[in-house]
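These notes are about the structure you will find just below.
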Amino acid sequence: MILWDMDVPSQPSLVDIKTDKNETIPAIYIVTKTGNVFVLDRRDGTPIVPVTEKPVPTSVKYGPQTQGEHYSPTQPFSALNLAPKNKLQGSDMWGGTMADQLLCRIAFHQLNYEGIYTPPSRKRYACFSW
């Protein structure tokens, strides 16, 4: 099961990349919903742009976690990433009035939210990707 629906939203692009040594590398550009742009050698899948496996949350802070799910402890991130680098914070919440803003911030802090790969839970949680 795909927990976060972060698959590829559009078709990849097939391109030829010229190197400094005037060699041509057949490549594929894959843009994801998370803002990652994976650039791979079409011949063998080797990353042309570095890809790093980074740790992500595997459990929730508050309340019961969904049962029967397996959460990977890491996810791949491309060095070519178009998403903002910081996760949401209470100060990012807004409202039409100061009272609305305060209520939004309070509600945000009551959610399970650990960034882009926050595991689903049976308590309220924020699932937000750029």
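The values are calculated or read from the model by the stated rules, or taken from the named source; none is laboratory data. Here the structure is a predicted model, which means the values were calculated and not measured. Virtual Cβ from ideal backbone geometry, glycine too; neighbours counted across all protein chains shown.
Number of residues in segment 31-70 that are touching a residue at least 60 places away in the same chain (Cβ under 8 Å), among the hydroxyl-bearing types (S, T, Y) and surrounded by fewer than 16 Cβ atoms within 10 Å (Cβ to Cβ) equals 3.
Listed here are the residues, each with its yes/no results for (1) part of a loop (DSSP other than H, G, I, E, B); (2) on the phi > 0 side of the Ramachandran plot; (3) over 12 Å from the mean Cα position of the chain (by Cα).
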{"site": "Q75", "(1), (2), (3)": "no, no, no"}
{"site": "A83", "(1), (2), (3)": "yes, no, no"}
{"site": "G96", "(1), (2), (3)": "yes, no, yes"}
{"site": "R105", "(1), (2), (3)": "no, no, yes"}
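Of the residues making up segment 49-93, those that are out of contact with any Lys or Arg (no Cβ under 8 Å at 6 or more places or on another chain), more than 30 Å from Y29 (Cα to Cα) and of a type in the set (S, T, N, Q) are S59, Q67, Q89.
With respect to (1) outside any loop (DSSP other than H, G, I, E, B); (2) at pLDDT below 80, the lone exception for G63 is condition (1). Does P47 satisfy the criteria of being farther than 16 Å from M6 by Cβ and at pLDDT below 85? So P47 does not fit the description; no. Among residues of segment 1-30 being touching a residue at least 24 places away in the same chain (Cβ under 8 Å) and surrounded by 15 or more Cβ atoms within 10 Å (Cβ to Cβ), the one that is nearest to C127 (Cα to Cα) is W4. The number of residues in segment 87-109 that are surrounded by fewer than 12 Cβ atoms within 10 Å (Cβ to Cβ) and under 18 Å from K123 (Cα atoms) comes to 2. Among the residues of segment 71-86, none is identified as without any contact (Cβ under 8 Å) to a residue 12 or more places away in the chain and either in contact with a Leu (Cβ under 7 Å, 6 or more places away or on another chain) or surrounded by 12 or more Cβ atoms within 10 Å (Cβ to Cβ) (or both).
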